[in-house]
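Student: This is the structure I want to talk about, given as structure tokens.
The values are calculated or read from the model by the stated rules, or taken from the named source; none is laboratory data. Quick caveat: nothing in here was measured; it's all calculated off a predicted structure. As a convention, Cβ positions derive from the backbone with ideal geometry for all residues, glycine included, and neighbour counts pool all protein chains shown.
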Amino acid sequence: MASNEASAPKLFTHAEVSQHNDSKETWLIIHNDVYDVTNFLNEHPGGEEVLLEQAGKDATEQFEDVGHSTDARQMMEPYKIGEIVPEERTKASDDKSKYPSGGSAGHDDARYLCISNCHYF
Ligand code: HEM
């Protein structure tokens with residue numbers, strides 16, 4: 001049905017994304033989503049160089065290493081053009097986008113601290 005087609009994201013392989021790797025067409029993969037940042041190169045507060053270095057590649061690690069703000073994460077939405085095909089998705093990367101605050105070990109630690117505090121007061 002038509003409504004179904006409109007909501008389905010376009011799917012790309014790593015090979016397809018890697019062909020768009022220069023300043024004329026700059027595509028990036030972040031958390032298994034594909035972004036066309038060609039028109040964002042000039043506007044990126046971190047400069048176009050860093051984006052061009054990652055052009056055509058998975059830039060998830062570099063993106064997260066910088067510790068981008070919530071503003072930055074909202075800013076990237078309009079540049080999303082699709083997603084990586086399910087069979088080529090990075091598991092860790094998928095998990096991180098769904099649970100940005102970290103893994104289960106962190107949660108256990110936090111809960112332990114909370115219990116100790118409650119007891120203390
Ligand atoms: C569409 C994707 C991206 C968007 C919308 C974006 C947006 C931003 C924004 C708004 C800032 C200002 C600081 C902040 O608000 O966090 C920033 C800084 C920066 N970004 Fe990005 N960014 C993107 C991708 C990337 C990637 C892939 C890299 C690394 C390869 C990168 C590297 C940096 C660096 C190095 C800074 C400067 C940090 C500083 O000076 O402290 N960005 N970016």
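Student: List every residue pair whose Cβ atoms sit under 9 Å apart, with the two residues 6 or more apart in sequence or on different chains, where the first one lies in region 60-72 and is more than 7 Å from the ligand (Cβ to nearest atom) and among the β-branched types (Val, Ile, Thr) and the second, anywhere, is assigned to a loop (DSSP other than H, G, I, E, B) and modelled with pLDDT of 95 or more.
Tutor: Thr60/His31; Thr60/Asn32
Student: Among the residues of region 73-108, what is the count of those that are assigned to a helix (DSSP H, G or I) and either within 16 Å of the ligand (Cβ to nearest atom) or modelled with pLDDT of 95 or more (or both)?
Tutor: 12
Student: State yes or no: is Phe40 under 15 Å from the mean Cα position of the chain (by Cα) and aromatic (Phe, Trp, Tyr)?
Tutor: The answer is no for Phe40.
Table: residues versus (1) within 27 Å of Pro86 (Cβ to Cβ); (2) in a strand (DSSP E or B).
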residue	(1), (2)
Ala15	yes, no
Ile29	yes, yes
Tyr35	yes, yes
His44	no, no
Glu49	no, no
Leu52	no, no
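Per-residue answers, yes or no, for (1) near the ligand (Cβ under 9 Å from one of its atoms); (2) free of Cβ contacts under 8 Å to residues at least 40 places away in the same chain; (3) crowded, with 17+ Cβ neighbours inside 10 Å:
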{"position": "His14", "(1), (2), (3)": "no, no, no"}
{"position": "Val17", "(1), (2), (3)": "no, no, yes"}
{"position": "Ser23", "(1), (2), (3)": "no, yes, no"}
{"position": "Thr26", "(1), (2), (3)": "no, yes, yes"}
{"position": "Ile29", "(1), (2), (3)": "no, no, yes"}
{"position": "Val37", "(1), (2), (3)": "yes, no, yes"}
{"position": "Leu51", "(1), (2), (3)": "yes, yes, yes"}
{"position": "Gly56", "(1), (2), (3)": "no, yes, yes"}
